[in-house]
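One structure below.
The values are calculated or read from the model by the stated rules, or taken from the named source; none is laboratory data. Every value quoted in this text rests on a predicted model; they were computed, and no experiment measured them. Neighbour counts run over all protein chains shown; Cβ positions are idealised from the backbone, glycine included. Ligands, DNA and RNA are stripped out before the accessible areas are found, and what is left, the full protein with its side chains, is counted by its heavy atoms. Shrake-Rupley method; radii C 1.70, N 1.55, O 1.52, S 1.80 Å.
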Amino acid sequence: MNKQDKISIIVPCFNEEESIPLFFSAVKKVTDEMDAKFEFWFVDDGSEDNSLSEMKELYKKDPKEVHYLSFSRNFGKEAALYAGLQAASGDYVAVMDVDLQDPPDFLPRMYKILKTENYDAVGCRRIDRTGESKFRSFLSDRFYDAINKVSKTEIVSGARDYRMMTRQMVNAVLSMKEYSRFSKGIFSWVGFKTKYLEYHNIERVAGESDWNTWKLFKYAMNGIADFSQVPLSLAVWIGLVSFILAMIGILFVIIRRIVDPSSSVFGWASLVSIILLVGGLQLLCIGIIGRYIGKIYMQVKERPIYIVKEKK
Ligand code: UDP
Ligand code: MG
């Protein structure tokens, strides 16, 4: 194998002071055995704890391999990934969470696959969800069903962001400059051949995940809006169905009047319910359109995806 290959490892961190040193020593153990050069890009996503000092500590010890980037505030993991990808200079780039939920001993396998097999990326899929509530697993499964139905971009169920990519694929990802970044979709949208390694879920080494169910739900909705326009056509279908129902209703009223001229007016309660139902559906459709307009609004403003305060 080629000694000259450089592998960049991108690590987004948000309030991870405990995990950073654990992560570095665990990954270092693996990379020291590998036949390649490495660079680490720790991205401090506006942490409020001592994450940045931990990164500086590592940098002091190993200024050749360790780099860090610190944001002016929390911009979110997707922004941190993008910043890391932009900063990375390796021939291969790996993306890893700092909480050691992404097993470091996969790195040599990923590298080997990229070198010897005909793949452009190696990703990871967890095949179970130990330590996660049933309700949450159920919601995730429904999300993957839904997004894969409405989007042409395939979103692999259980795929984590942990992956290694070739320079060519990284450049393709970087060429997507959208403001709202749904990485799972972006990695798939750019194409290229990805092999998925499977593994069992591992729980965090330290700290806590800040993903609650509501946040995950919003993330899922965003992902759908970013990679599908099907929700926009919902209004057309709802409109069509209520139009047909209304026609049937009108026919029914006319025929009843002819057959039984004495029939009196009835059904105020059902009338009110129907008005509320239709009104609700209209608001829902306007809301969906609003979401897309919001995305257009954010995109046309061309705000930076992240702002760097410190970089080494
Ligand atoms: N993260 C980040 N910015 C955020 C939230 C999370 O950079 O706003 C990082 C976090 O430090 C970790 C990775 O993204 O390295 C995954 O986060 P987490 O473990 O909370 O997510 P989960 O593993 O539960 O999907
Ligand atoms: Mg995690």
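Restricting attention to segment 295-312, which residues are assigned to a loop (DSSP other than H, G, I, E, B), closer than 25 Å to Leu52 by Cα and either in contact (Cβ under 8 Å) with a residue 40 or more places away in the chain or open to solvent by 80 Å² or more (accessible area, probe 1.4 Å) (or both)? Before you say what the answer is, go through the steps one by one.
Within segment 295-312, the first condition is being assigned to a loop (DSSP other than H, G, I, E, B), and the residues that meet it are 302-307, 312.
Cutting the leftovers down to closer than 25 Å to Leu52 by Cα gives us 303-307, 312.
Within segment 295-312, Arg303, Ile305, Tyr306, Ile307, Lys312 qualify.
Restricted to segment 1-15, and to residues there that are more than 16 Å from ligand 2 (Cβ to nearest atom) and not in a strand (DSSP E or B), the residue that is surrounded by the most Cβ atoms within 10 Å (Cβ to Cβ) is Asp5. Identification of helices (runs of 4 or more DSSP H) wholly contained in segment 16-117 with 3 or more residues that are crowded, with 20+ Cβ neighbours inside 10 Å and within 11 Å of ligand 1 (Cβ to nearest atom) yields 19-31, 77-87.
Kindly evaluate Asp210 against the criterion of being open to solvent by less than 50 Å² (accessible area, probe 1.4 Å) and among the charged types (D, E, K, R).
On the way: open to solvent by less than 50 Å² (accessible area, probe 1.4 Å): no; among the charged types (D, E, K, R): yes.
Criteria not met by Asp210.
Counting only residues that are open to solvent by less than 60 Å² (accessible area, probe 1.4 Å) and either in a loop (DSSP other than H, G, I, E, B) or without any contact (Cβ under 8 Å) to a residue 24 or more places away in the chain (or both), segment 177-201 holds 8 of them. Cβ-Cβ distances below 7 Å connect the following pairs, each with a first residue in segment 246-257 that is assigned to a helix (DSSP H, G or I), a second residue that is of a type outside the set (A, V, I, L, M, F, W, C) and open to solvent by less than 90 Å² (accessible area, probe 1.4 Å), and a separation of six or more residues or different chains: Arg256/Ser263; Arg257/Ser263. With respect to being crowded, with 19+ Cβ neighbours inside 10 Å, modelled with pLDDT of 90 or more, in contact with a helix residue (DSSP H, G or I) (Cβ under 6 Å, 6 or more places away or on another chain) and within 17 Å of Val27 (Cα to Cα), Met164 fits the description. Is it true that Ser137 is open to solvent by less than 50 Å² (accessible area, probe 1.4 Å), within 15 Å of ligand 1 (Cβ to nearest atom) and part of a helix (DSSP H, G or I)? In short, yes.
Would you confirm whether or not segment 143-160 contains a residue that is open to solvent by 70 Å² or more (accessible area, probe 1.4 Å) and more than 27 Å from Leu85 (Cα to Cα)? Before the answer, list the steps.
As a first pass, look at segment 143-160 and keep what is open to solvent by 70 Å² or more (accessible area, probe 1.4 Å): 145, 149, 152, 154.
Subset that is more than 27 Å from Leu85 (Cα to Cα): 145, 149.
So far as segment 143-160 goes, yes, one or more of its residues are open to solvent by 70 Å² or more (accessible area, probe 1.4 Å) and more than 27 Å from Leu85 (Cα to Cα).
The residues on offer are Leu232, Leu216, Leu281, and the sole one that is part of a helix (DSSP H, G or I), in contact (Cβ under 8 Å) with a residue 12 or more places away in the chain, open to solvent by less than 100 Å² (accessible area, probe 1.4 Å) and within 16 Å of ligand 2 (Cβ to nearest atom) is Leu216.
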